[in-house]
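Remarks on the structure that follows.
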Amino acid sequence: MKLFRRLSPALLSLGLALGLAAPTKAQVPHTASLDFDELQEIGLAIAQEAAQRSQFQQYDIALQQVELATQLVPNDFRVWAVAADIYLRTDQLDDGIGALNTARKLEPTDPAIHLALGTAYFRKQDYVAATKNYERGVQLKPDSPGALFDLGNAYYVTNRFKEAVDTYEKAVDLGDDFWEAINNIGLVRYEQGQREDAIAAWRKALSYNEKAAEPQLALAVALYAKGERKQSLRLAEAALKSDGQYGDVDYLRDQLWGDRLVKDTELFLATPQMKSVLARVDLAR
């Protein structure tokens, strides 16, 4: 499970959280010349308005505004953070990473910037860079369950399984009912061939959220592989009724399901019983 589905938090609110003042109307004063403070005030107001437009998916105008703001206030990391958020919301990953790197140079000790860079690189599938930035973000903010979860995901996709589990466990210790991290411990254990430990993790995840589709289906697959057919079919049907996307193997890979679990899932979904379940779920939509 990722955190930008959970890939950790959406960025912009990076700009808002970093303290951009709420704007009045971003109007140019009727003066012959503008001093530095006035330009900064205008630029920050424009950036804030761009952030708000982005929240309402008014991306074309938001992009124009934030690009103007970066020209007016090029040395304020908050403006670059807002620009990065808008770029990433519109899938302009390279521009988003560039804006975040500028923000990082201006404010190198802000954990939100490093974590946002980690998320951007993760989306770009540059997992080495993602890991490096997540690690720095966690160093700066060690008490964030979401940051630890994202770092655990980066370790997991680079086959650093022990570090992944240790990091997920830290997230669970901080997050109490953080069932997503527990679920991902199950994903790691299954890829390691530790089926019983994976089953235990998914059962624990469901004890926190009994209706969560992902641990339900993962548990169903693992139980079916053990020969526990009746319970597995019941769990799988409940999972797919809750979220039919989990019947799509490509979607499962997007959720970080590894090769071993995907292979067993494909075999499971191809059974006559599961084909019947999938047909019922489709008819019910």
Self-check item: Student exercise, the chain dipole from Lys, Arg, Asp, Glu Cβ charges, in Debye to nearest 20
Solution: 1240
Practice problem: Kindly state, to the nearest 0.05, the FRET efficiency for Glu266 paired with Glu107, given R0 = 30 Å and r defined as their beta-carbon distance. | Solution: 0.05
Quiz item: Which FRET efficiency, nearest 0.05, do Gln273 and Lys226 yield, Cβ-Cβ r, R0 22 Å?
Solution: 0.90
Practice problem: Would you mind listing how long the chain runs along its three principal axes, going by Cα atoms, in whole Å with the largest first? | Solution: 81, 42, 29
Self-check item: Cα gyration tensor shape for the range 196-285, rounded if a/c is under 1.5, else prolate or oblate
Solution: rounded
Practice problem: List the lysines whose Cα lies under 27 Å from the Cα of Lys211, skipping any in the same chain that are fewer than 8 positions away. | Solution: Lys2, Lys170, Lys226, Lys230, Lys241, Lys263, Lys275
Quiz item: Going by a ≥ b ≥ c, the root eigenvalues of the Cα gyration tensor, does the range 134-224 fall in the rounded group (a/c under 1.5), the prolate group (a/b larger than b/c) or the oblate group?
Solution: oblate
Quiz item: If you plug each phi of the range 270-279 into the Karplus form 6.51 cos²θ - 1.76 cosθ + 1.60 with θ = phi - 60°, what whole-Hz ³J(HN,Hα) values come out, in order, with x for Gly and Pro?
Solution: 7, 6, x, 5, 6, 4, 5, 4, 4, 5
Quiz prompt | Helical contribution to [θ] at 222 nm, DSSP H n ≥ 4, -39,500 (n - 2.57), averaged over the chain, rounded to 500 | solution = -23000 deg cm²/dmol
Quiz item: Each residue of the range 226-239 in order: what ³J(HN,Hα) in whole Hz does its phi give by Karplus 6.51 cos²θ - 1.76 cosθ + 1.60, θ = phi - 60°, with x for Gly and Pro?
Solution: 7, x, 8, 6, 5, 5, 5, 5, 5, 5, 5, 5, 5, 5
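No lab work stands behind these numbers, since they all come straight from the coordinates. Being a predicted model, the structure only gives us computed values, none of them experimental. Backbone-built Cβ (ideal geometry, glycine too); neighbour counts: all protein chains shown.
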